[in-house]
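A short reminder: the numbers here are calculations on the coordinates, not readings from a lab. Please read all numbers here as calculations on a predicted model, not as lab measurements. Quick reminder, even Gly has a Cβ in these numbers, built from the backbone with ideal geometry, and neighbours come from all protein chains shown.
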Amino acid sequence: MQDLRCREYTLPLTRTLLMGVLNVTPDSFFDGGRFLEAGAAVAQARRLLEDGADIIDIGAESSRPGSDPVAEEEEWERLRRVLEALLGELKVPISVDTYKPGVADRALTMGAHMLNDITGLRDPGMIGVAARHKAAVVIMHMKGKPKMMYEEAHYGDVVSEVRDFLVAQACQAENAGIRDIVIDPGIGFAKTAQHSVEIIRRFREFTTLGYPVLAGPSRKSFLGHLTGAPVEDRLEGTLAAVTAVILRGARIVRVHDVKECKRVALVADAVRCA
């Protein structure tokens, strides 16, 4: 696969794509509350674009471990104000990080281009929404729900189990007519630090499945476990993890620090393609 189609946009997969994280939430693990106000969110989206983001991923409900779910109307209201401001301005695809079909449907109707579902399209309604709107999807692996995700972090072979889930969900999406599918093994989601490191070490096993693979190691807790650094001091760990997944075949990296990761991707891609 040479390109990823996000409705009217076509992105090349011959280089690593940067998905910039924009959390319009009060409680996300790194930047919660900083971009909750629509004006601050719009300004941050512009900065992400200037720094080299190829996709802006907007989330209006925190998925950090232990977080509580948000009512659909509250999530949509947070998201709506930002989408209204950005869709007519930014000339890159906008992804919506949600697992609720109602939110997804309204966002795509408004003009969003991609759905990023941390539950991996387990709700059949999400598959129907994406198919109806002909949207690109990110299918991520996570067991359970964010509130109790670490209690679900039990595997025989984490890579094999995650692969099996992603293949099954991608097949369901394809059977429904969805053609632009990205898979994400869900680093840090219902996975211990050891599981996350194992996924990165064996990342090539995901790239053989026939779908572009996204990795989201940015500032995750496994980096804190490895380095002892708090979330605000995990840039170097993030850059090391991003380098590792790119060299093992990741085609998209979802990151908070776009400028720094863009430079890393340029070098890692040069080595990968040499």
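Between a first residue in the stretch 152-171 that is farther than 23 Å from Gly128 by Cβ and a second residue that is among the acidic types (Asp, Glu), which pairs have beta carbons less than 6 Å apart while being 6 or more apart in sequence or on different chains?
Going by the 6 Å Cβ cut-off, the qualifying pairs are Tyr155/Glu161; Val158/Glu198; Val159/Glu205.
Return the residues of the stretch 135-156 that are charged (D, E, K, R) and touching a helix residue (DSSP H, G or I) at 6+ places or on another chain (Cβ under 9 Å); say none if nothing qualifies. Steps first, please.
At the first step, the residues of the stretch 135-156 found to be charged (D, E, K, R) are 143, 145, 147, 151-152.
Result: Lys143, Lys145.
Let me spell it out: the conditions are (1) of a type outside the set (A, V, I, L, M, F, W, C); (2) in a loop (DSSP other than H, G, I, E, B); (3) within 19 Å of Ala131 (Cα to Cα), and Glu174 meets all of them except one. Which number is the exception?
(2)
I'm trying to understand the selection: among the residues of the stretch 110-138, which are out of contact with any Phe, Trp or Tyr (no Cβ under 8 Å at 6 or more places or on another chain) and under 15 Å from Gly59 (Cα atoms)?
Listed by number, the residues that qualify are Ala112, Met114, Leu115, Asn116, Val137, Val138.
Using the structure shown, decide if Gly188 is assigned to a loop (DSSP other than H, G, I, E, B) and either surrounded by 21 or more Cβ atoms within 10 Å (Cβ to Cβ) or touching a His at 6+ places or on another chain (Cβ under 7 Å) (or both). Lay out the reasoning, then the answer.
Details: assigned to a loop (DSSP other than H, G, I, E, B): yes; either surrounded by 21 or more Cβ atoms within 10 Å (Cβ to Cβ) or touching a His at 6+ places or on another chain (Cβ under 7 Å) (or both): yes.
Considered against the rule, which asks whether it is assigned to a loop (DSSP other than H, G, I, E, B) and either surrounded by 21 or more Cβ atoms within 10 Å (Cβ to Cβ) or touching a His at 6+ places or on another chain (Cβ under 7 Å) (or both), Gly188 comes out as yes.
Got a number for residues in the stretch 191-215 being in a loop (DSSP other than H, G, I, E, B) and either of a type in the set (Val, Ile, Thr) or free of Cβ contacts under 8 Å to residues at least 60 places away in the same chain (or both)?
Step one: filter the stretch 191-215 for residues in a loop (DSSP other than H, G, I, E, B), giving 191-192, 202-203, 208-212.
Now restrict to residues that are either of a type in the set (Val, Ile, Thr) or free of Cβ contacts under 8 Å to residues at least 60 places away in the same chain (or both): 191-192, 202-203, 208-209.
Going through the stretch 191-215 one residue at a time, the tally reaches 6.
Quickly run through the stretch 244-265 and pick out the residues that are closer than 24 Å to Ile58 by Cα and free of Cβ contacts under 8 Å to residues at least 60 places away in the same chain.
Just the residues of the stretch 244-265 that are closer than 24 Å to Ile58 by Cα, to begin with: 245-246, 250-265.
Of everything in the stretch 244-265, those that are closer than 24 Å to Ile58 by Cα and free of Cβ contacts under 8 Å to residues at least 60 places away in the same chain turn out to be Val245, Asp257, Glu260, Arg263, Val264.
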